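The values are calculated or read from the model by the stated rules, or taken from the named source; none is laboratory data. Everything numeric in this text was worked out from a predicted model, so none of it was measured. All Cβ positions, glycine included, derive from the backbone under ideal geometry; neighbour counts span all protein chains shown.
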Number of protein chains: 2
Amino acid sequence: MLDQRKRIEVCFTPGEYAYYKDEFEIVVVIDVLRATSAMCAAFDNGILSIIPVPTIEEALEYKKKGYLVGAERKGQIVEGFDFGNSPFSYMKEEFRGKEVVLTTTNGTKSLEVAKDAETVVVGSFLNLTALSKWLSKQDKNILCLCSGWQDKFNLEDTICAGAISDFLISTGNFISIEDSSIAAKYLFLSAKDNYLGYLKSSSHRRRLKHLNLNEDIKYCLTPDQTDVIPILINGKLIKL
Amino acid sequence: MLDQRKRIEVCFTPGEYAYYKDEFEIVVVIDVLRATSAMCAAFDNGILSIIPVPTIEEALEYKKKGYLVGAERKGQIVEGFDFGNSPFSYMKEEFRGKEVVLTTTNGTKSLEVAKDAETVVVGSFLNLTALSKWLSKQDKNILCLCSGWQDKFNLEDTICAGAISDFLISTGNFISIEDSSIAAKYLFLSAKDNYLGYLKSSSHRRRLKHLNLNEDIKYCLTPDQTDVIPILINGKLIKL
């Protein structure tokens, strides 16, 4: 009997996307700390659209044109910009109904490499269950693309991807065959009772801790705070 | 107080080696199924030296010159060669005291990318404890370079790297700071009571199972069958 199940797989870094793409109709871009968490928070707070751009130069061009523009590199707001990728930046009243431009170290890079996929959506712990439920109804092959940290594997994106995989596999309609996906699921299962504790030794978390971002981290690791699913349409993220 | 501990880190694939190298004096190349397991078995069985070559073309050149040459691609012996990377190939009486040339899908590729490191040694479950003990005495920064499968992450190499990391960290003289290393250790800890069971869903194992290599797999996943440590000196592997 032919296996009718669709695939749910995990790619650890944008650099490895080339080895996975073309087999998946849906790509879920994940950058838990903090780009895709911030995007979910932004739409939850009424932002109309987000234009993700890969470079500071492009971000500056938009700024000159009068756009609201955020820029983050190595965990900090880039000089000359008003905000970075803290989810709390996007909760301001003045952002409601607005269009925002954003460039970040890792997250906007993943969106850039994935942009030609049939469907690109944004995932984080914040919209975990809403996104997983929506994905489970699509009957498509799905790739979770982790943003990593400066081209290297990171734990928090992988665990989030493992959580999505675990949900989809539990429906009986999805299967993982790549070792990366199996590892992500194992890592999620050992982390799920205490994300913060599990990630305490994570290099990225330590890096952000140094920048006094503990509130951001706690927020980004708290699942299911919103039902929004940001989707990339013609180079812009909008609310699905 | 300055942390005097040396680093033990894990790189998941040869493609990512560029992001890790230059910080490590010792690179441990790992290709559990089956290149580095075969290398350990070969030295344990009296082979004098192994010349790893990355391409079939180079392997053919050596064959023309009369060398004993093995070649494997996608789990099978390449046409025109007499053996591949099954550890059992190297247990023959006629190989004792001989020099052998070998090219494999993943393992010899990792040796090629790592060759300029100060020290390059070969690791597998077969020499796990002997290698870990030796590494623990070196007072050097160590990188475990997993060979993966066709540039992608694989579970068995990662678990072996996690085992080496766990041993070194337990001495109190080593620390892991990369998320990849932390993940490798977590995966090892959840796999260690039953490697074969843990890897039953691994894509690579399934691929080899299809080729009827269950005996090879069982052998390669059985720790501590030898004390040999193959080391790369001037392009040749010899017994340390």
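So here's what we get for this one:
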| quantity | calculated |
| --- | --- |
| Filter result (exposed (fewer than 15 other Cβ atoms within 10 Å of the Cβ) and either among the hydroxyl-bearing types (Ser, Thr, Tyr) or in a loop (DSSP other than H, G, I, E, B) (or both)) within region B:47-66 | B:Thr55, B:Lys65, B:Gly66 |
| Looking only at region A:12-29, and only at residues there that are away from chain B (no Cβ under 13 Å) and either over 14 Å from the mean Cα position of the chain (by Cα) or closer than 17 Å to A:Lys218 by Cα (or both), the one that is surrounded by the most Cβ atoms within 10 Å (Cβ to Cβ) | A:Phe24 |
| Subset of region A:19-41 (residues that are over 13 Å from A:Thr108 (Cα atoms) and in contact (Cβ under 8 Å) with a residue 60 or more places away in the chain) | A:Tyr20, A:Lys21, A:Glu23, A:Phe24, A:Glu25, A:Ile26, A:Val27, A:Cys40, A:Ala41 |
| Of all residues making up region B:222-240, the number that are part of a strand (DSSP E or B) and without any contact (Cβ under 8 Å) to a residue 40 or more places away in the chain | 1 |
| Test: residue in region B:172-179 that is within 10 Å of chain A (Cβ to nearest Cβ), over 21 Å from B:Gln138 (Cβ atoms), in contact (Cβ under 8 Å) with a residue 40 or more places away in the chain and surrounded by 15 or more Cβ atoms within 10 Å (Cβ to Cβ) | no |
| Verdict on A:Lys98 being touching a residue at least 40 places away in the same chain (Cβ under 8 Å) and of a type in the set (Lys, Arg) | yes |
| Among (1) closer than 30 Å to B:Glu99 by Cβ; (2) of a type in the set (Asp, Glu); (3) free of Cβ contacts under 8 Å to residues at least 12 places away in the same chain, the one test that B:Asp157 misses | (3) |
| A:Gln225, sole failed condition from (1) over 19 Å from A:Phe88 (Cβ atoms); (2) more than 14 Å from every other protein chain (Cβ to nearest Cβ); (3) touching a helix residue (DSSP H, G or I) at 6+ places or on another chain (Cβ under 9 Å) | (1) |
| Matching residues in region A:81-129 - criterion: being of a type in the set (Ser, Thr, Tyr), buried (at least 24 other Cβ atoms within 10 Å of the Cβ) and over 12 Å from A:Ile47 (Cβ atoms) | A:Thr103, A:Thr104, A:Thr108, A:Ser110, A:Ser124 |
| Yes/no for A:Lys218 being free of Cβ contacts under 8 Å to residues at least 40 places away in the same chain and under 24 Å from A:Thr108 (Cα atoms) | yes |
| Helices (runs of 4 or more DSSP H) (entirely within region B:97-207) containing at least 3 residues that are under 16 Å from the mean Cα position of the chain (by Cα) | B:107-114, B:128-136, B:155-170 |
| Candidates B:Asp22, B:Asp31, B:Asp44 - the one that is at pLDDT below 95 and among the acidic types (Asp, Glu) | B:Asp22 |
